[in-house]
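Where a number appears in this text, it was derived from the coordinates with a stated rule and is not lab data. Keep in mind it's a predicted model, so treat the numbers as computed, not measured. Ideal geometry is used to build each Cβ from the backbone, glycine not excepted, and the neighbour counts take in all protein chains shown.
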Amino acid sequence: MSSGDFNAFEMAQAQFDKVAELLNLDNGTREVLRIPLREYHFSIPVHMDDGTTEVFRGFRVQHNDAKGPCKGGIRFHPQETVDTVRALSMWMTWKCAVVNIPLGGGKGGVICDPHNLSMNEQQQICRGYVRQMAKNVGPINDVPAPDVMTSAQHMLWMLDEYEVIHGSKNPGFITGKPVGMGGSLGRKEATGYGVIYTVREALKELKIDPKDTTASFQGFGNVAQHAIELYTQLGGKVICVSSWDQEDQTSYSFKRETGVDLPELLTITNKFGGIDKAKAKELGYEILPGDEWLVQEVDILVPAALENQIRGDNAEKISPKVKLIAEGANGPTAPEADAIIEKKGIFLVPDFLANAGGVTCSYFEQVQSNMNYFWEKDDVLNRLDLKMTSAFLAVSELAKKKNLYMRDAAYVIAIQRVAQACKDRGWV
Ligand code: NAD
């Protein structure tokens, strides 16, 4: 989403341009990689429950598929813009490349607000989306997944429509399906756990024992909750989390020096990751303004809510105690803030590496679906750990060797891999 003048696609292109320069990429390769290969813009008519017909706008952007079928979620959001979808599809290309899975980058979106739509209306949007896209998506060309405000149920409706149109069973068409209906065990933990696998490796590099660390999180949704679960298991202590308050239309930070008790906090959290203020107070949390999570005196910061949160205007306020930032969210840090973080000497695990656990597990789901043979949860998580750890090590080794900021090192590896694939195919 755009907030104010922020344009995610311009930010994604600025990040790309910087690394293209660093790599001295030729102009043809730059042009192929800085804009999506294909875009679909379409209308989805829906018979509303009140008897009227409403038309929703949908997008699917396929940024690059040189390394394999495109992969990426479909978002439902009232402020969805094609530029956000473009940026996210580009980040998906780098994300798949940095963890070295044979997939490209795609993303989709529909301008709609599920809060105001019945399940019947949402089902029609899902089926309408697939009717528009059925020829251009599928297990061998573009594999969607859930994203902001879409769920396993939405994926199952989309799969059903796709299978009806194609007259065959194609469970590998889409991921994020319910477990038992083609979904993978471990998917709900995958992104948050993946973040912490990289935190664990980063702390090893910094020679810090996780047991001696504290952390502050922005967001308390799927990513943050599972990241907190694993981080706490490693012995770390979370002292602050923030979340969005739907009623007050603002965010709050919840701070408790003795540490967050995850199961307890979950009992007062709604399904959108919103924490109940009054009940949190009863449990001994201090209720602070939403942006306080960023200025806490902790060792680790994990932005796990939304984009453009650490900016030129607030990055200086990060405590000198902070040694590590692991980006659970997509695009939480603006380029001006990167310069400040780098100057402060904070170790950064960039978004498309830190949160790649989700797409890696989606890839595992696709493999399992295509084989129609499903793995045990431990098996999934062990494979995930292996992929995330080797991706982290490759990036941090390059960063050390070439004295690069971690985000740039991750981009160098990802862009080089995709550029090489385009070259090997004879595209450039
Ligand atoms: P979610 O909807 O489950 O949770 C979002 C959380 O952020 C909620 O707790 C919400 O209250 C909070 N929040 C929203 N606005 C806020 C604000 N202004 N200040 C503080 N908190 C705020 O979402 P999620 O699945 O946990 O995803 C979080 C981020 O991670 C997003 O950027 C998403 O794109 C990214 N991501 C998610 C996955 C995944 O597998 N879920 C994978 C890769 C990246």
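A few points about this structure:
- Cα centroid of the stretch 226-288 to Cα centroid of the stretch 135-180, whole Å: 33 Å
- Ranking Ile140, Gln123, Val195 by Cα position along the charge dipole of the chain, where only Lys, Arg, Asp and Glu carry charges on their C-beta atoms, puts Ile140 farthest toward the positive end.
- For the stretch 231-317, the convex hull drawn through the C-alpha positions has a volume of 109 cubic angstrom per residue.
- Where both bridge residues fall in the chain, DSSP classifies roughly 50% of the beta bridges as antiparallel.
- Principal axis dimensions, largest first and in whole angstrom, of the stretch 332-377 by Cα: 49, 17, 10
- Using the Cβ-Cβ distance between Glu257 and Gln153 with R0 = 45 Å, the FRET efficiency computed as 1/(1 + (r/R0)^6) comes to roughly 0.70.
- Taking the convex hull of Cα positions in the stretch 184-428, its mean projected area over all directions (nm²): 14.9 nm²
- Inter-label distance, nm, simple model (7 Å from Cα along the C-beta direction), Ile287/Asp26: 6.1 nm
- Cα-only radius of gyration and Dmax that characterise the stretch 37-181, units Å: 14.4, 49
- All lysines inside 29 Å of Lys107 as judged from Cα atoms, apart from same-chain residues fewer than 8 positions distant: Lys18, Lys67, Lys71, Lys95, Lys135, Lys169, Lys177, Lys188, Lys271, Lys377, Lys387, Lys423
- Burial order of peptide ranges 317-330, 337-350 (average beta-carbon count within 10 Å, highest first): 317-330, 337-350
- For the chain: relative contact order, % (alpha-carbon pairs under 8 angstrom, 6 or more apart): 16 percent
- All distinct Cα pairs of the stretch 179-281 go into the 1/r average, and the inverse of that average, the Kirkwood radius, is 14.5 Å.
- Ranked by how many other Cβ atoms sit within 10 Å of their own Cβ, fewest first, the residues His41, His77 fall in the order His41, His77.
- Among residues other than Val367 with Cβ under 14 Å from its Cβ, the summed charge is +3 (Lys and Arg +1, Asp and Glu -1).
- Peptides 356-367, 397-408 ranked from most to least packed by the mean count of surrounding Cβ atoms within 10 Å: 356-367, 397-408.
- Order of Lys271, Lys177, Lys423 - criterion: other Cβ atoms within 10 Å of each residue's Cβ, fewest first: Lys271, Lys423, Lys177
- Ranked by how many other beta carbons lie within 10 Å on average, peptides 253-260, 104-111 from highest: 104-111, 253-260
- Helix runs (DSSP H) in the chain reaching 15 Å along axis by Cα, Kyte-Doolittle at least 0.0: 8-22, 82-98, 406-424
- Counted over the chain with a bin width of 20 Å, the fraction of Cα pairs per bin, in whole percents, is 27, 60, 13, 0.
- Look at Arg311, Arg60, Arg127 and count the other Cβ atoms within 10 Å of each Cβ; fewest to most, that gives Arg311, Arg127, Arg60.
- Here the dipole of the chain is about 1320 debye; that uses its Cα centre as origin and unit charges on the Cβ of Lys and Arg (positive) and Asp and Glu (negative).
- Local charge for Pro289 was computed over the other residues whose Cβ lies under 14 Å away, with Lys and Arg +1 and Asp and Glu -1, and equals -2.
- Distance from the stretch 392-428 to the stretch 72-103 (C-alpha centre basis), Å: 18 Å
- Backbone N atoms of the stretch 45-81 closer than 15 Å to the 7 Å Cα→Cβ label point of Val164 belong to residues 45-47.
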